[in-house]
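Sharing a structure below in structure tokens format, with a few things to ask.
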Amino acid sequence: MKSLNTPYFAFFKMTFKQNTVYRVEWLFGILSSVLQIFVSVAIWKTLYGSRDAVNGINFSVIVTNFIISLGLSEIFSTNDFTIQQKINDGSIANELLKPIDYRKILLAQTLAQIVFKFLSNFLPTLIITSIIFGILPPVSLQNFLIYLVSMFLGFCVLWSISLIIQMTAFWIINVWSISTIKNVFVKVLAGTMLPLYFMPEPVLKIIAFTPFDSIYHIPLQIYLGTVDYYTILFSMLKQIVWIAILYSVSLYMWHRGSKKLVIQGG
């Protein structure tokens, strides 16, 4: 219990409590998630027609893909503008003077939002859409447990990318354009907009060299059991490598950016 008595856990609790205040937003969030999944499934149902499978991919796999990936994309949403706002109003100086790591504060706040959205949005959405459309269960308990680990690693990849986007605020006035480009890449290359099963093989080979399929596609493959254990091990190692690379880049940008801020601010 002593390990929970940290300033970062205090920020976690404070952010979680703040989220519980907006109950109307919580209800609309569930409605929005259900509608997104409903529209996506309806479109793909039309494309499939009377066929049960296209290119060897069953329609039930597509439904499960959208329910889980769109649900995760809701709870894994990150705020790319926090550092920009701190720089614009000058409060970043106070954060740099604190004896605690501001990046860990950001992580604690993000984790609090994820836990809240998981309980208030993802689980209700999962239950509702599973009743309406049906969802494939995990191929095995072992795969499900590995999936949970891979899902967490996928979040770490996404958060590290978001951290890099935020760090660019030290050099540019507004990160909106970069954030928008990042969001498009995540939606397309992570498989939330279009399942990667239908991507051309040359495109898939290119995506495999990016961190984006590590966010949702790899965990989903583990959940559905479409890859063997050797591929699972390689894929999770890939997730860890990308986390190390991306976080190292953000760490370098943080040190350079904070020094630049101190020099300009005197």
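Given the structure, is residue 193 surrounded by fewer than 20 Cβ atoms within 10 Å (Cβ to Cβ) and within 17 Å of the chain's Cα centre (by Cα)? Before you say what the answer is, go through the steps one by one.
Working: surrounded by fewer than 20 Cβ atoms within 10 Å (Cβ to Cβ): yes; within 17 Å of the chain's Cα centre (by Cα): yes.
When the stated conditions are applied, residue 193 passes them.
Moving on. Got at least one residue in the stretch 11-18 being out of contact with any helix residue (DSSP H, G or I) (no Cβ under 6 Å at 6 or more places or on another chain), open to solvent by less than 90 Å² (accessible area, probe 1.4 Å), at pLDDT 85 or above and not hydrophobic (A, V, I, L, M, F, W, C)?
No, the stretch 11-18 contains no residue that is out of contact with any helix residue (DSSP H, G or I) (no Cβ under 6 Å at 6 or more places or on another chain), open to solvent by less than 90 Å² (accessible area, probe 1.4 Å), at pLDDT 85 or above and not hydrophobic (A, V, I, L, M, F, W, C).
Could you list all residues from the stretch 221-252 that are touching a helix residue (DSSP H, G or I) at 6+ places or on another chain (Cβ under 6 Å), of a type in the set (A, V, I, L, M, F, W, C) and crowded, with 18+ Cβ neighbours inside 10 Å?
If the condition is that a residue be touching a helix residue (DSSP H, G or I) at 6+ places or on another chain (Cβ under 6 Å), of a type in the set (A, V, I, L, M, F, W, C) and crowded, with 18+ Cβ neighbours inside 10 Å, then 222, 232, 236, 242, 243, 246 are the ones that fit.
Could you list, in sequence order, the residues of the stretch 19-42 that are open to solvent by 90 Å² or more (accessible area, probe 1.4 Å) and touching a Ser or Thr at 6+ places or on another chain (Cβ under 6 Å)?
Listed by number, the list holds a single entry, 26.
Considering only residues that are in a helix (DSSP H, G or I), charged (D, E, K, R) and open to solvent by less than 40 Å² (accessible area, probe 1.4 Å), which ones fall in the stretch 85-107?
Taking the stretch 85-107 and keeping what is in a helix (DSSP H, G or I), we get 85-89, 92-97, 102-107.
Those left that are additionally charged (D, E, K, R): 86, 89, 95, 103-104.
Passing the criteria: 95, 103.
Is there a residue in the stretch 151-169 that is more than 22 Å from residue 237 (Cα to Cα), modelled with pLDDT of 90 or more and open to solvent by 40 Å² or more (accessible area, probe 1.4 Å)?
No, that holds for no residue.
Quick test for you: out of 143, 174, pick the one residue that is over 18 Å from the mean Cα position of the chain (by Cα) and under 24 Å from residue 107 (Cβ atoms).
Working: 143 fails: under 24 Å from residue 107 (Cβ atoms).
174 is the lone residue from the list that is over 18 Å from the mean Cα position of the chain (by Cα) and under 24 Å from residue 107 (Cβ atoms).
Can you name the residue in the stretch 207-266 that is of a type in the set (S, T, N, Q) and either in contact (Cβ under 8 Å) with a residue 24 or more places away in the chain or outside any helix (DSSP H, G or I) (or both) and, of all such residues, is nearest to residue 107 (Cα to Cα)?
Kept after step one, since they are of a type in the set (S, T, N, Q), are these residues of the stretch 207-266: 210, 214, 221, 226, 231, 235, 239, 248, 250, 258, 264.
Keeping just the survivors that are either in contact (Cβ under 8 Å) with a residue 24 or more places away in the chain or outside any helix (DSSP H, G or I) (or both) gives 210, 214, 226, 235, 239, 250, 258.
Values: 210: 23, 214: 19, 226: 32, 235: 24, 239: 18, 250: 13, 258: 18 Å.
Within the stretch 207-266, the match that is nearest to residue 107 (Cα to Cα) is 250.
Quick one: would you say residue 168 is under 30 Å from residue 92 (Cβ atoms), within 17 Å of the chain's Cα centre (by Cα), of a type outside the set (Gly, Ala, Ser) and not in a loop (DSSP other than H, G, I, E, B)? Show your work before the answer.
On the way: under 30 Å from residue 92 (Cβ atoms): yes; within 17 Å of the chain's Cα centre (by Cα): no; of a type outside the set (Gly, Ala, Ser): yes; not in a loop (DSSP other than H, G, I, E, B): yes.
So residue 168 does not fit the description; no.
Kindly list, by first and then second residue, each pair from a residue in the stretch 118-146 that is part of a helix (DSSP H, G or I) to a residue that is open to solvent by 30 Å² or more (accessible area, probe 1.4 Å) and β-branched (Val, Ile, Thr), limited to pairs with Cβ atoms under 9 Å and residues at least 6 apart or on different chains.
120/20; 126/135; 129/135
Checking the structure you have, find out if any residue of the stretch 63-73 is open to solvent by less than 40 Å² (accessible area, probe 1.4 Å), aromatic (Phe, Trp, Tyr), under 23 Å from the mean Cα position of the chain (by Cα) and within 18 Å of residue 198 (Cα to Cα). Quick ask: steps written out before the conclusion?
Looking only at the stretch 63-73, we keep the residues that are open to solvent by less than 40 Å² (accessible area, probe 1.4 Å), and these are 63-73.
Applying the additional criterion that residues be aromatic (Phe, Trp, Tyr) yields 66.
If we keep only those that are under 23 Å from the mean Cα position of the chain (by Cα) too, we end up with 66.
Next cut, within 18 Å of residue 198 (Cα to Cα) only: 66.
Looking through the stretch 63-73, at least one residue is open to solvent by less than 40 Å² (accessible area, probe 1.4 Å), aromatic (Phe, Trp, Tyr), under 23 Å from the mean Cα position of the chain (by Cα) and within 18 Å of residue 198 (Cα to Cα).
Can you tell me which residue among 64, 78, 46 is farther than 15 Å from residue 126 by Cα, in contact (Cβ under 8 Å) with a residue 40 or more places away in the chain and not aliphatic (A, V, I, L, M)?
Working: 64 fails: farther than 15 Å from residue 126 by Cα; 46 fails: in contact (Cβ under 8 Å) with a residue 40 or more places away in the chain.
None of the others qualify; the one that does is 78.
The values are calculated or read from the model by the stated rules, or taken from the named source; none is laboratory data. These numbers were taken from a predicted model, which means no experiment stands behind them. Here the Cβ is made from the backbone with ideal geometry for all residues, glycine too, and neighbour counts use every protein chain on show. When the accessible area is computed, the model is the full protein with side chains, heavy atoms only, and any ligands, DNA or RNA have been set aside. Shrake-Rupley method; radii C 1.70, N 1.55, O 1.52, S 1.80 Å.
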